[in-house]
Amino acid sequence: VEVLGHIMAYFRSEEERFYMTCRAAYLSVFRSSLVNMTSKDQLCSVLQQAGRNPSQKALDKYWPPGTKKLNFDDFCEILKKEKTAEPDQLMRIFKKFDTNCDGYISHDELSRILTSSGEKMSPKEVDEVFSLADVNKDGKLDYAEIGRLVIGQNGIMSTPAVSCVIRKIKAIGGIILTASHNPGGPSGDFGIKFNISSGGPAPEGITDKIFQISKSLQEYHICPELKVDLSATGKQIFEVDTFKPFTVEIVDSVESYAEMLRDIFDFAALKELLSGPNHINVRLDAMHGVMGPYVRKIVCEELGSPANSAVNCVPSEDFGGHHPDPNLTYAADLVSAMKGGEYDFGAAFDGDGDRNMVLGKHGFFVNPSDSVAVIGANITSIPYFQKTGVKGLARSMPTSGALDNVAKALKMPLFETPTGWKFFGNLMDAGKLSLCGEESFGTGSDHIREKDGLWAVLAWLSILATRKQSVEDIMKDHWQKFGRNFFTRYDYEEVDSDAANKMIDHLQTTMSDKAFLGQKFSSGDKTYQVEKADNFEYTDPVDGSVSKGQGLRIIFSDGSRIIFRLSGTGSAGATIRLYIDSYEKDPQKIYQDPQVNWSKVTLFFFFFFIKSLFIPYFFLNVCIYF
Ligand SMILES: [Mg+2]
């Protein structure tokens, strides 16, 4: 009978359910619904019984001076107006209680609040409240208890889509299992990423804490009989050992993300560009990663590009044995297809869809530092920015100064941050940043808190649709207007750690000598004068955190720069990254082959600084990015 009662209750109309709630609350305080309320305190009790938490101000409004009594119908009307607290509102309040931010409210934390502010409670009353809420009797209140899990269909969801969904459903966080841009499969890479409620990567404070907790884990439990069907969208509910059921919701991997993009871009204009009478031909390479379903659904099905314009679109656990890194080396197939001249625009994505590479006809390469600068200079082609305005631009420190030239010309604030998207996220949360990019093929904006490969591609297509020019012409016009930053990066991997440390020390000593400032170096017909030399340090303007030792910078008077960064001094050896950013504003020289420019400029400096210490390791595992 009880079960039938529950089922019947479920099928009642919402209005009936509301009336039943009112009645249940009323009857828990009064004998009958015919009895009138005769004081503000009684009204407060009945509202609390109905799960509301009215403020003093609200009670004064419902019980204005001179009121003698209110009846059951009056109470129903008041209950309609008094909304229940939203989960995120409650979460904010709980977070305030949780003074050491560990996700739990301890007895001490609760006691401090309840005995000191508002209507003060006695220690005995606090004990009673605490034991009532501490369901599993572990001495702490787990306010952020997970009750609902949202998973992309078939376990597929790109990193930008996860960031989008976290923000949309106001999740407390998200977990991404990915090899990102590294080889995957049994002998490849595997990573676990944790993103916080803003949708961005967890800051170090949180990851450090996770690591600390992981060291003290004593046991863990698994439920082998608990099976989730990842292929069917919809909710699956499980009875678990907590006071509420656990819901697993399988969602369409693409839809939420596509809906967001429709709000950002002019899809009608993009459809015209990709499938109208004067359409361009594109080739998009998902590199066997997660982007296949996104490219097919958004670019092919919705924007009308032919199905064969998207390649390698079936996600595979080992990325088809390839390296899903969108650069000239690993996306060589796309480069050679583009060289054929059949396609006007090409792009590749990494395994989890946050990185991108953009190519023009005949394989014309747009380096990532230039890509974000071009988007910045043409930002009004994107409707989103017409609505939100442009708050600021940012790039990671090693990224070329191409974006700085745009910021200067358009009088926009520019931030130079350490490498890592979380630094951009802070600026975005504070409303200081709209568009940002990294030389390592990451481009994005404040629509989410991750870099976003497909967003960058649609941004470029929007510019193509507005300017009605080729990728190459857009790039060349840009250099004419802003000058060109010839940029290159060399990675020296698995070098001897001691030698690498010595080299960096030697460099730092040379650079910190006062005589170094103002020194002139000539290469060909160009002279570079040292204006500034330092080890990059960043103070986050939002949370005040300081990141030191981010890389040695030699900055010349025309804005050209040489940067050295040392990383990973573990057993497999160290990696030294050398970045060269050479600025050229002479219109006669901006179309030079970058190789010619670099060979003159870069190697000269390279040998000047480090020849004595570094040559034995010089030709080991050198990766060159253009
Ligand atoms: Mg990635």
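Of note:
- Unique match (being on the phi > 0 side of the Ramachandran plot and more than 16 Å from the ligand (Cβ to nearest atom)) among 170, 215: 170
- Taking the criterion of being buried (at least 24 other Cβ atoms within 10 Å of the Cβ) and either aromatic (Phe, Trp, Tyr) or out of contact with any Pro (no Cβ under 8 Å at 6 or more places or on another chain) (or both), the residues of segment 346-368 that qualify are 346, 349, 352, 358, 359, 367, 368.
- Taken over segment 173-195, the residue count meeting the criterion of being of a type outside the set (S, T, N, Q) and within 12 Å of the ligand (Cβ to nearest atom) is 7.
- Any hit, segment 318-329, residues being away from the ligand (no atom under 16 Å from the Cβ), modelled with pLDDT of 95 or more and outside any loop (DSSP other than H, G, I, E, B): no
- For segment 330-344, a residue qualifies if it is touching a residue at least 40 places away in the same chain (Cβ under 8 Å) and away from the ligand (no atom under 16 Å from the Cβ), and the qualifying residues are 333, 334, 337, 338, 342, 343, 344.
- Segment 521-532 - residue that is more than 25 Å from residue 575 (Cα to Cα) and at pLDDT 90 or above and, of those, surrounded by the most Cβ atoms within 10 Å (Cβ to Cβ): 530
- Against the numbered list (1) surrounded by 24 or more Cβ atoms within 10 Å (Cβ to Cβ); (2) in a helix (DSSP H, G or I); (3) away from the ligand (no atom under 16 Å from the Cβ); (4) not small (Gly, Ala, Ser), residue 455 comes up short only at (3).
- Of all residues in segment 472-481, those that are within 29 Å of the chain's Cα centre (by Cα) and either surrounded by 24 or more Cβ atoms within 10 Å (Cβ to Cβ) or basic (Lys, Arg) (or both) total 0.
- Residues in segment 533-549 that are at pLDDT 90 or above and of a type in the set (Asp, Glu): 534, 537, 540.
- Just one residue in the set 394, 337 is under 25 Å from the mean Cα position of the chain (by Cα) and either at pLDDT 95 or above or assigned by TED's automatic domain parsing to the domain that holds residue 547 (or both); that residue is 394.
- Some residue of segment 350-357 being within 22 Å of residue 313 (Cβ to Cβ), more than 16 Å from the ligand (Cβ to nearest atom) and modelled with pLDDT of 95 or more: no
- Residue satisfying all of: in segment 14-44; at pLDDT 90 or above and outside any loop (DSSP other than H, G, I, E, B); farthest from residue 83 (Cα to Cα) among these: 37
- Filter result for residue 248 (surrounded by 10 or more Cβ atoms within 10 Å (Cβ to Cβ), aliphatic (A, V, I, L, M), away from the ligand (no atom under 16 Å from the Cβ) and in a loop (DSSP other than H, G, I, E, B)): no
- Criterion applied to 377, 347, 373 was being within 29 Å of residue 199 (Cα to Cα), among the aliphatic types (A, V, I, L, M) and within 15 Å of the ligand (Cβ to nearest atom), and the one residue passing it is 347.
- Yes/no for residue 307 being in the same structural domain as residue 368 (by TED's automatic domain parsing), under 21 Å from residue 465 (Cα atoms) and within 16 Å of the ligand (Cβ to nearest atom): no
- Taking first residues from segment 516-534 that are in the same structural domain as residue 549 (by TED's automatic domain parsing) and closer than 21 Å to residue 504 by Cβ and partners that are among the acidic types (Asp, Glu) and assigned to a strand (DSSP E or B), the Cβ contacts under 8 Å between residues at least 6 apart in sequence or on separate chains come to 517/531.
The values are calculated or read from the model by the stated rules, or taken from the named source; none is laboratory data. All values derive from a computational prediction rather than experimental measurement. Reconstructed Cβ throughout: ideal geometry from the backbone, glycine too, with neighbour counts over all protein chains shown.
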